[in-house]
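The values are calculated or read from the model by the stated rules, or taken from the named source; none is laboratory data. These numbers come from a predicted model, not from an experiment. Note that each Cβ is placed from the backbone with ideal geometry, even for glycine, and that neighbours are counted across all protein chains shown.
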Amino acid sequence: MDLPIPYTKHTITQEDIEAVTRVLTEGALSQGPQVAAFEAAVAAYCGGKHGVAVASGSAALHLAVRALGIKPGQKVITTANTFIATATSVLHNGGEVEFADIDPDTFCIDIGQVRAKLQQAKRGTYAGIIIVHFAGLLLDLAAWRQLADEYSCWLLEDASHALGATRIVGDQIICAGNGMAHATVFSFHPTKHITTGEGGMVVTSSDVVAQKVRLARSNYLQKPSLEALQQLGGWYLEMAEPGFNYRLSDINAALGMSQFQRLEKTLETLRQLAELYDEQLRELPIQLPSVPKGVKHAYHLYIIRTTQRRQLYDYLRSRQILPQVHYVPMHLQPVFHALGWKAGQLTATENYYNQCLSIPLYPTLQSNQHQYVVDSIKAFFTA
Ligand SMILES: *Cc1c(COP(=O)(O)O)cnc(C)c1O
């Protein structure tokens, strides 16, 4: 049995290697056919109109919020139980972050808390809402969109954990990126369901948002109209606004495209392994992931809750199992502490943080490794 066992691990196949090396011998290295194919494949899979690939999930968040817009003095509501880039995307666009507490059952942003904040504020206080389908649990997009519309807010999904997650809402099966939110962000970091090494994507059904993100990712380089070109010269490029170089290379996109081919298989394996944990850990004095009715979880993470988290973490590490904690709440990080946030303001998030542990889950986790994790957790609680 291979040790140590990390909490997550990417998979690279021979096909992945061949797909990448093919790009290196074929010509276009940056915005070639692989980027376009990858964008089209992911957007089609989600049911969204446009996919715009960028250099990371963080870059995708930065540009998505930029495209959706924050007026001076406006705030954006999001969760503190997330990766830092969800929240800093707002700061990078001149907005203020308002953290709402989580639902203690799903560990996701609590819609009741967000509604209360919207109700209590003057209209126009909030530009938008960023939800996170935490760990891979897809939120009810219909309910969130309705709430956003009621208060004239945009709705952005950080779906970095939720590629392939679904939920039954009414007589519809919904998924991230299907256009119910104004924009959706995916990350293709090696910890995620599919990887491009580094990379991300904005999926949107809005032509305006897609065009803004596409221009901003490439320094706003734009060819003027054919008519203008004839007058100005064929070389002419126009830059209407300050942008960024957030492009994804064709090399990265080829890897993503190859990984994408086996996404369903990856999801199936993760769900089977999660189900095995559900069965084998059921008797222990820990809280297992609770999956609402109609939700097909994407299991980016498998998180258990225990009041003995610190001891269990140390014990598992002593047995060469490397669990992780997701996340140290954002409002307790120096970057937000400096903006006035402090302990005691988000009690459900803080209680969750004190008890959560992400145990190993990835597609190549072997059955003897899985069993060793289960046996080790059992040993801890029966010792
Ligand atoms: C991974 C992740 C991101 C983006 O990460 P990058 O490393 O920039 O690709 C954003 N939000 C969440 C919730 C994530 O897990």
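If ALA40 passes every condition in (1) in a loop (DSSP other than H, G, I, E, B); (2) surrounded by fewer than 17 Cβ atoms within 10 Å (Cβ to Cβ); (3) touching a strand residue (DSSP E or B) at 6+ places or on another chain (Cβ under 8 Å); (4) aliphatic (A, V, I, L, M) but one, which one does it miss? Evaluating ALA40 over (1) in a loop (DSSP other than H, G, I, E, B); (2) surrounded by fewer than 17 Cβ atoms within 10 Å (Cβ to Cβ); (3) touching a strand residue (DSSP E or B) at 6+ places or on another chain (Cβ under 8 Å); (4) aliphatic (A, V, I, L, M) leaves (1) as the failure. Restricting attention to segment 55-64, does a residue exist that is at pLDDT 95 or above, closer than 22 Å to LYS122 by Cβ and within 18 Å of the chain's Cα centre (by Cα)? No, segment 55-64 has no match at all. Does PHE107 satisfy the criteria of being at positive phi, within 16 Å of the ligand (Cβ to nearest atom) and crowded, with 19+ Cβ neighbours inside 10 Å? Criteria met by PHE107. Just to be sure, is VAL35 under 20 Å from VAL23 (Cα atoms) and part of a helix (DSSP H, G or I)? Yes: the conditions hold for VAL35. Exactly one residue among LEU284, LEU270, LEU312, LEU276 is part of a helix (DSSP H, G or I) and farther than 30 Å from GLY170 by Cα, and that residue is LEU312. For first residues located in segment 184-213 and more than 15 Å from HIS161 (Cα to Cα), partners that are within 16 Å of the ligand (Cβ to nearest atom) and among the β-branched types (Val, Ile, Thr) and lie 6+ apart or on another chain with Cβ distances below 7 Å form the pairs THR204/THR184; ALA210/VAL52; VAL213/VAL52; VAL213/VAL202.
Restricting segment 285-338 to residues that are surrounded by 16 or more Cβ atoms within 10 Å (Cβ to Cβ), more than 20 Å from the chain's Cα centre (by Cα) and hydroxyl-bearing (Ser, Thr, Tyr), the residue that is farthest from the ligand (Cβ to nearest atom) is TYR315. Within segment 75-104, residues that are touching a residue at least 40 places away in the same chain (Cβ under 8 Å) and of a type in the set (Asp, Glu) have Cβ atoms under 6 Å from residues that are crowded, with 23+ Cβ neighbours inside 10 Å and outside any helix (DSSP H, G or I) in these pairs: ASP101/LEU346, counting only partners at least 6 apart in sequence or on another chain. Looking at segment 151-179 only, could you name the residues that are within 15 Å of GLY200 (Cα to Cα), touching an Asp or Glu at 6+ places or on another chain (Cβ under 7 Å) and in a strand (DSSP E or B)? Scanning segment 151-179 gives no hits. So, ALA135, is that one under 10 Å from the mean Cα position of the chain (by Cα), at positive phi and within 16 Å of the ligand (Cβ to nearest atom) or not? It is true that ALA135 is under 10 Å from the mean Cα position of the chain (by Cα), at positive phi and within 16 Å of the ligand (Cβ to nearest atom). Looking only at segment 217-250, count every residue that is of a type in the set (A, V, I, L, M) and within 16 Å of the ligand (Cβ to nearest atom) and tell me the total. Matching residues across segment 217-250 total 1.
Residue pairs whose Cβ atoms lie under 7 Å apart, sitting 6 or more positions apart in sequence or on different chains, and linking a residue in segment 224-244 that is without any contact (Cβ under 8 Å) to a residue 24 or more places away in the chain and within 28 Å of LEU63 (Cβ to Cβ) to a partner that is hydrophobic (A, V, I, L, M, F, W, C) and outside any loop (DSSP other than H, G, I, E, B), are PRO224/LEU232; TYR236/LEU229; LEU237/LEU221; MET239/LEU221.
Any residue at all in segment 116-129 that is within 16 Å of the chain's Cα centre (by Cα), buried (at least 19 other Cβ atoms within 10 Å of the Cβ) and of a type outside the set (Gly, Ala, Ser)? The answer is yes; a qualifying residue exists. Checked against (1) away from the ligand (no atom under 16 Å from the Cβ); (2) part of a strand (DSSP E or B); (3) closer than 24 Å to MET330 by Cα, ILE130 passes all but condition (1).
Taking the numbered list (1) of a type in the set (Phe, Trp, Tyr); (2) closer than 22 Å to PHE134 by Cβ; (3) outside any loop (DSSP other than H, G, I, E, B) in turn, TYR299 passes all entries but (3).
The number of residues in segment 68-104 being surrounded by fewer than 23 Cβ atoms within 10 Å (Cβ to Cβ), among the β-branched types (Val, Ile, Thr) and within 16 Å of the ligand (Cβ to nearest atom) comes to 3. Pairs are defined by a Cβ separation below 9 Å, a sequence spacing of at least 6 or placement on different chains, a first member in segment 125-144 that is within 18 Å of VAL97 (Cα to Cα) and touching a residue at least 60 places away in the same chain (Cβ under 8 Å), and a second member that is among the acidic types (Asp, Glu) and part of a helix (DSSP H, G or I); no pair meets this definition.
Flag: GLY47 does not match the condition of being within 15 Å of the ligand (Cβ to nearest atom), within 30 Å of GLY243 (Cβ to Cβ), surrounded by 14 or more Cβ atoms within 10 Å (Cβ to Cβ) and within 18 Å of the chain's Cα centre (by Cα).
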